[in-house]
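A short write-up of the structure that comes next.
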Amino acid sequence: QWGGQRCGALDGAPAVLLLRTRDLFSLPFPLSRPVLASLALQAAVRGWRLLLLPDSFPLSPGPPRSPHEQWKAQNSRDGQHRALLQQLGIKLEVLPDGRQRWHGCSKDTPRCFGTVHAQTPQYLLEGRWTPPCCLRALRATARHVLAQLEAAGVRHWLEGGSLLGAARLGDIIPWDYDVDVGLYEHDIPKCRWLAAVAATGRPVEDPEGFFWEKAAEGEFFRVHFSRSNRLHVDLWPFRARGGGVMTKDTWLGHRQDVEFPERFLVPLGSVAFAGAVAKAPNDPRAFLEFKFGPGVIESPEYPNPEVRRLAQDVGNK
């Protein structure tokens, strides 16, 4: 984009940048390399636009580089580029040809945030939503777990905030950090991975690298994206007690963590969720309003508004 046009990012071209010193040093990383890409990205976040002029100062002539020197230079540029995106916290890069390159967490790395306190992960405290790489891992874990339960004949359904995300978006809520699934306690032996964990008390890694274990907090199960990456699906075993009410053994004190009538599960329904079709209560709206209160689908809020409220961040997304 040359010829006096404005653009939001610039990388790799010979260029002269003119800006005020106070503007330069108002940026979080003013001198990070590669400088041109670094300044362009930070400027774009602030809404600054770059004015591209038709002429620039030419590069000084020099002897041609050997293939090995070109290879070393390219490797150095690539390394600087990756380090810059990591420093700026950029998880997903869309290349000029439309391909995507991820710089966030994977099966071989820890997730992008630490321990969750008061139902509030660190990224919410910073005014951000779930990193896109973490959402991608959560979706993959959810699809895998739901497919395993379905294939094994385990009666299961989306629970809590995960069902809420399905009802609102057909997906995980964009600030969520796990997925909740209910299942019938008596069906646990049908799933080989759950049966193995229940019988031995030890974690099991399945052939696709997902990590099944008993949760330390109580009588439920947890399936992680991998041994290293602890993005997870929580599996909550319920059973029917007298009067057709579904109950369980572990209660964490969350607003939606209550007993409910079994009629919501007989028969089970289905909803779109995270790129798949998931089992769900037969009346998702009534189920969610029973647990959260009237109008919950139309009134999104963070898990713990006393720590941070959605209204603080809506205008920034």
Q) Looking at this structure, is D249 closer than 22 Å to T109 by Cβ and either open to solvent by 80 Å² or more (accessible area, probe 1.4 Å) or touching a strand residue (DSSP E or B) at 6+ places or on another chain (Cβ under 7 Å) (or both)? A) no
(Q) Could you check segment 127-158 and list, in sequence order, the residues that are more than 18 Å from L92 (Cβ to Cβ) and within 18 Å of the chain's Cα centre (by Cα)? (A) G127, T141, A142, R143, H144, V145, L146, L158
Q) How do the pairs read when you match residues in segment 140-157 that are under 13 Å from F221 (Cβ atoms) with residues anywhere that are small (G, A, S), using Cβ under 7 Å and keeping only pairs 6 or more apart or on different chains? A) H156/G182
Q) Given the residues R99, R82, which is the only one that is open to solvent by 50 Å² or more (accessible area, probe 1.4 Å) and assigned by the TED database to the domain that holds V35? A) R82
Q. Is at least one residue of segment 17-31 among the polar types (S, T, N, Q), surrounded by 14 or more Cβ atoms within 10 Å (Cβ to Cβ) and at pLDDT 80 or above?
A. no
Q. Can we say W102 is closer than 21 Å to S228 by Cβ, under 29 Å from the mean Cα position of the chain (by Cα) and modelled with pLDDT under 90?
A. yes
Q.
Just to check your reading of the model, which residue among L124, L138 is at pLDDT 90 or above, in contact with a strand residue (DSSP E or B) (Cβ under 7 Å, 6 or more places away or on another chain) and either crowded, with 20+ Cβ neighbours inside 10 Å or within 19 Å of F210 (Cβ to Cβ) (or both)?
A. L138
Q. Can you tell me which of L124, L183 is touching a Leu at 6+ places or on another chain (Cβ under 9 Å) and of a type outside the set (D, E)?
A. L183
(Q) Please go through segment 163-214 and give me each residue that is closer than 24 Å to P281 by Cα and part of a loop (DSSP other than H, G, I, E, B), ordered by number. (A) G170, D171, I172, I173, P174, W175, D176, Y177, C191
Q.
Can you report the number of residues in segment 263-308 which are within 23 Å of L138 (Cα to Cα), without any contact (Cβ under 8 Å) to a residue 60 or more places away in the chain and basic (K, R)?
A. 0
Q. Can P189 be described as within 24 Å of the chain's Cα centre (by Cα) and open to solvent by 10 Å² or more (accessible area, probe 1.4 Å)?
A. no
Q: Answer yes if at least one residue in segment 174-183 is out of contact with any Cys (no Cβ under 9 Å at 6 or more places or on another chain), surrounded by fewer than 16 Cβ atoms within 10 Å (Cβ to Cβ) and at pLDDT 95 or above, and no otherwise.
A: yes
Q. Out of the residues in segment 222-241 that are of a type in the set (G, A, S) and closer than 26 Å to G104 by Cα, which is most open to solvent (accessible area, probe 1.4 Å)?
A. S228
**Q.** segment 222-236: number of residues that are within 20 Å of G161 (Cβ to Cβ) and in a loop (DSSP other than H, G, I, E, B)
**A.** 3
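The values are calculated or read from the model by the stated rules, or taken from the named source; none is laboratory data. On a predicted model such as this, the values are computed, not experimentally measured, just so you know. For neighbour counting, all protein chains shown are included, and Cβ atoms are generated from backbone atoms with ideal geometry for every residue, glycine included. To get the accessible areas, we keep the full protein, side chains included, count just its heavy atoms, and leave off ligands, DNA and RNA. Shrake-Rupley method; radii C 1.70, N 1.55, O 1.52, S 1.80 Å.
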